[in-house]
Amino acid sequence: MTHWFHRNPLKATAPVTFNFYGVASSPAATKICNDLRSSRVRLLELFTDLSCNPEMMKNATDLYFSLLQGFIVSLDGSSQDCKLRYIQNFKWTDTLQGQVPSAQQDAVFELVSMGFNMALWYTKYASRLAGKEDITEDEAKDVHRSLKIAAGIFKHLKDSHIPKLITPVEKGRDLEARLIDAYIIQCQAEAQEVTIARAIELKHNPGLIAALAYETANFYQKADQMLSSLDPAYTIKWRKYFHLKTCFYMAYSYCYHGQTLLASDKCGEAIRSLQESEKFFGKAEALCKEYGETKGPGTTAKPSGHLFFRKLGSLVKNTLEKCQRENGFIYFQKVPPEAPQLELKANYGLVEPVLFEFPALHAHWTPETLAAFDLTKRPKDDSAKPKPEEEVKPMKEPDIKPQKDSGCQIS
């Protein structure tokens, strides 16, 4: 399943030194600033390191976020802002809107922006793992788990932290609800794709596969709706991906629903269901080409080259021919003019985001350490503010070269 999933670029950020000369007035306070700087640099390096695994990512994010929390939460557990929340300016770019950065002098902005990249990393890790030639069952479970973790991170940011931002989120930016929802739903849909591939390989009940495919197609359609009111210049490629996945899984659903109908001796309805499957598969093929030719942010998936994609085309053709033969010899049923209405509900295999929480405050944060940050010593020119010449360079993401597709399904 190499290049089966579309991935938008990581967010990029300006360097942050956490140099509060004069303000950090004790060795413990200075050490926290140094640890923040080094752990931030390390985390940003890991986002583009192909050798990074979930355990390494968790250790790095736990360290940085536990230190950063000292700029946000009150040590006494009250709802009051920490006095350090607005001491440092942070600049971040957007996954869709190129290298045009947003800047906020707010540690919560840093928390949600870095958290957003962490969620993106889990989706990219899942995509790389799914692209292996001989994926094992444990690796397939890791793909499934990583996508659910990513969905949980996005959801936690949306529900618990983005509402705390003082500066309103700009329309069409990553932290806006419509975009976050699109990411959440995409993660759920892709995790369900893993479930469907597993169900097909283990030859589960066609009714269950049809229902799961239908639910997955609906997920992709819903994700597309989230982007429908945003600027097409940024979203058109991503939306084409959602369109082709919607059609692909509608084709799967009608195909397996047709098998269910045939098993119930409803051969005429089965033929009509398979014809509808054939139509959706044709649309998916056309959309694959359109998607590949559409310019926009992100890596380009290549679904039509996959055996998983091509197998569906063969399955639809062979099943339809079988139904037509059976109808000509045994059933002699009329083929309805209208396709059957799919009112399928999957009772198993539906994906929910994994619950996520940021780590607790680092043990180095004590009342004495916090008191050692003397805000009255801040320079009047406020060097924490960004300089006009500061550039936000894009993250250098590794170029994932497609491997030979062995046709192995995720199992």
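Distances longer than 17 Å among the Cα atoms of the range 55-148: what percent of all pairs is that? Intermediate values should be presented prior to the final figure.
On the way: 2719 of 4371 pairs.
In whole percent, the long-distance tail amounts to 62.
How far is it, in nm, from the label point at S229 to the one at T136 when both lie 7 Å from their Cα along the line to the Cβ?
The modelled label-to-label distance comes out at 4.8 nm.
Could you give the radius of gyration (one decimal) and Dmax (whole number) of the Cα atoms in the range 118-212, in Å?
Rg then Dmax for the range 118-212, in Å: 16.0, 52.
Give me the distance between the Cα centres of the range 155-219 and the range 223-249, rounded to whole Å.
Between the Cα centres of the range 155-219 and the range 223-249 lies a distance of 13 Å.
Calculated from the structure, P(r) over Cα pairs in 20 Å bins from 0, in percent equals which of (1) 27, 54, 19, 1; (2) 28, 57, 14, 1; (3) 25, 48, 21, 6, 0?
(3)
For K396, which aspartates and glutamates qualify as cross-link partners when the Cα separation must be under 13 Å and same-chain residues fewer than eight apart are set aside?
By straight Cα distance, K396 reaches E45, D49.
Using +1 on the beta carbon of Lys and Arg, -1 on that of Asp and Glu, and nothing else charged, what's the dipole of the chain about the Cα centre, debye to 20?
Details: 52 positive and 50 negative charges, 121 e Å.
Roughly 580 debye for the chain.
Taking amide hydrogens as modeled 1.01 Å from N in the peptide plane, which residues meet the under 5 Å criterion relative to K91, leaving out close sequence neighbours?
Here A14 satisfy the definition.
Spelling out what I want: for every residue of the range 162-173, take phi, set θ = phi - 60°, compute 6.51 cos²θ - 1.76 cosθ + 1.60 (Karplus), and round to whole Hz; glycine and proline get x.
The phi angles translate into 4, x, 7, 4, 6, 7, x, 5, 6, 4, x, 8 Hz.
Give the lysines whose C-alpha is closer than 19 Å to that of K164, dropping any in the same chain fewer than 8 places away, or say none.
K83, K91, K155
Are any of the pairs K148/K240; K141/K203; K203/K295; K222/K393; K279/K322; K58/K237 more than 27 Å apart by Cα-Cα distance, and if so, which? Let's see the in-between values first.
On the way: K148/K240 23 Å; K141/K203 18 Å; K203/K295 38 Å; K222/K393 33 Å; K279/K322 17 Å; K58/K237 31 Å.
Flagged as over cut-off: K203/K295; K222/K393; K58/K237.
For the range 1-55, with every protein chain kept in place, what is the accessible area per residue (1.4 Å probe, Å²)?
Details: 2200 Å² over 55 residues.
Here the residues of the range 1-55 average 40 Å² of exposed surface.
In Å², and per residue, what accessible area does the range 100-164 have when probed at 1.4 Å with the other protein chains present? Can you show the working numbers first?
On the way: 2040 Å² over 65 residues.
Accessible area per residue: 31 Å².
Using only the alpha-carbon atoms, how far is helix 206-227 inclined from the longest principal axis of the chain? Give it as 0 to 90 degrees, nearest 10.
Relative to the chain, helix 206-227 is tipped by roughly 50 degrees.
When the helix-only estimate is applied to the chain (DSSP H runs of n ≥ 4, each -39,500 (n - 2.57), divided by the residue count), what is the mean residue ellipticity at 222 nm, nearest 500 deg cm²/dmol?
Working: 10 runs with 211 residues, N = 411.
When only DSSP H runs of four or more count, the value is -18000 deg cm²/dmol.
Relative contact order of the chain, please, whole-number percent, based on alpha carbon pairs below 8 angstrom and at least 6 residues apart.
On the way: 654 pairs, mean separation 117.1, N = 411.
Taking the mean separation of contacting Cα pairs over the length of the chain, I get 28 percent.
In whole percent, and with a 1.4 Å probe on the protein chains, what portion of the accessible area of the chain is carbon and sulfur? Provide the component values of the computation, followed by the final result.
Details: 10050 of 18830 Å².
Whole-percent figure for carbon plus sulfur exposure: 53.
Most mobile of A251, A29, A233 per a Gaussian network model of the chain (Cα springs, under 10 Å)?
Top of the fluctuation ranking is A233.
The values are calculated or read from the model by the stated rules, or taken from the named source; none is laboratory data. All of these numbers come straight from a predicted model, not from anything done at the bench. Cβ sites come from the backbone with ideal geometry, for glycine too, and all protein chains shown count toward neighbours. Note: accessible area is taken over every heavy atom of the protein model, side chains too, but ligands, DNA and RNA are not part of it. Shrake-Rupley method; radii C 1.70, N 1.55, O 1.52, S 1.80 Å.
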